[in-house]
1. What's the number of the condition Val50 fails, among (1) modelled with pLDDT of 95 or more; (2) part of a helix (DSSP H, G or I)?
2. Might you check whether a residue that is surrounded by fewer than 23 Cβ atoms within 10 Å (Cβ to Cβ), assigned by TED's automatic domain parsing to the domain that holds Asn27 and either farther than 27 Å from Leu272 by Cα or at pLDDT below 95 (or both) occurs anywhere in the range 110-124?
3. Being basic (Lys, Arg), assigned by TED's automatic domain parsing to the domain that holds Ala131, surrounded by 12 or more Cβ atoms within 10 Å (Cβ to Cβ) and not in a loop (DSSP other than H, G, I, E, B), is that true of even one residue in the range 198-208?
4. Looking at the structure I just gave you, is Ser181 hydroxyl-bearing (Ser, Thr, Tyr) and in contact with a Pro (Cβ under 9 Å, 6 or more places away or on another chain)?
5. Looking at the range 246-273 only, could you name the residues that are within 22 Å of the chain's Cα centre (by Cα) and loosely packed, with under 14 Cβ neighbours inside 10 Å?
6. Identify the residue in the range 48-62 that is closer than 15 Å to Ala125 by Cα and among the small types (Gly, Ala, Ser) and, among all such residues, is surrounded by the fewest Cβ atoms within 10 Å (Cβ to Cβ).
7. Just for strands (runs of 3 or more DSSP E) wholly inside the range 96-168: which have at least 2 residues that are farther than 15 Å from Val53 by Cβ?
8. Inspect all residues belonging to the range 169-188 and state whether any of them is without any contact (Cβ under 8 Å) to a residue 40 or more places away in the chain, in a helix (DSSP H, G or I), within 25 Å of Ala125 (Cα to Cα) and not assigned by TED's automatic domain parsing to the domain that holds Pro138.
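The values are calculated or read from the model by the stated rules, or taken from the named source; none is laboratory data. What you see is a predicted model; the values in this text were computed from it and never measured. Glycine gets a Cβ as well: all are built from the backbone with ideal geometry, and neighbour counts include every protein chain shown.
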Amino acid sequence: MAAQQRVVVEVSGGVADVRLNRPEKLNALDSAMFDAITDTLERLAGDTAVRAVVLSGEGRAFCAGLDMGSLAAMADTAPQSASSDLGRREPGQVANRAQLAAYGWSQLAVPVIAAVHGVALGGGAQIALGADLRVVAPDSQISIFEISWGLVPDMSATVTLPRLVGADVAKELTWTARLVSGEEAVRIGLATRVAADPLGEALRLAAEIAARNPHAVRAAKRMFASRPGATDAERLAIESAEMAALIGSPNQSEAVRARLQKREPLFADPDLG
């Protein structure tokens, strides 16, 4: 793998192993990293052979947040100019360039599992929050760190964080920037599970998911992603519509046959068209 690649991707068995690849800087976010993450999201969104994604960081950490050099450059730049780059929102995009690096993972059609070790600070924590699941090392350290620099989290934490821990805990983490261990992260809902080897556990879990009916897996992600303000009636209608589309479909029929015949199912990949 080329050292200059900010993000490296290997796909095997339907699982995309995605790694932030700037280990000498604890995978800190610079302009090249933001570009690489955006490019990776576009690539994954267009690959129907990918059934699950594992997102991790090379080296000693998941991601230390915004690169210090980038932060200094932003401080020396007029606010209008500084916001024109990371704050750029492309036509039709809900998120700006910085937000997309985190929020974009939630928008992929397939499950995304973040494997967190070392630190996940500021923007790094928000990238992990964009995943569907977070497997964390017990001694990992997670922080909504921006208040330490006199800033607010601006990479979609206002969307993802309260949904996981509730509004009051989200405010407390944002106002204090305190470090949360992997063990505490699971207790408060910030993470899904603890593992001594988070990457190995995330890859195992992703492989298990990738072996399921990919149409049903994608349908489940759509159901849980339905807008927070939806009424019970709207949510139940979405359930019914997804179930109706699945019953009797080729992959669903194959799941039944394989289970009855006690063999591994052979599922067809979804068609983006």
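1. (2)
2. Yes.
3. As a first pass, look at the range 198-208 and keep what is basic (Lys, Arg): 204.
From what's left, assigned by TED's automatic domain parsing to the domain that holds Ala131: 204.
Next, only the ones that are surrounded by 12 or more Cβ atoms within 10 Å (Cβ to Cβ) stay: 204.
From what is left, the residues that are not in a loop (DSSP other than H, G, I, E, B) are 204.
Yes: the range 198-208 contains one or more residues that are basic (Lys, Arg), assigned by TED's automatic domain parsing to the domain that holds Ala131, surrounded by 12 or more Cβ atoms within 10 Å (Cβ to Cβ) and not in a loop (DSSP other than H, G, I, E, B).
4. Considered against the rule, which asks whether it is hydroxyl-bearing (Ser, Thr, Tyr) and in contact with a Pro (Cβ under 9 Å, 6 or more places away or on another chain), Ser181 comes out as yes.
5. Leu272
6. It comes out as Ser56.
7. Details: elements: 112-116, 119-121, 133-136, 141-143.
Result: 119-121, 141-143.
8. no
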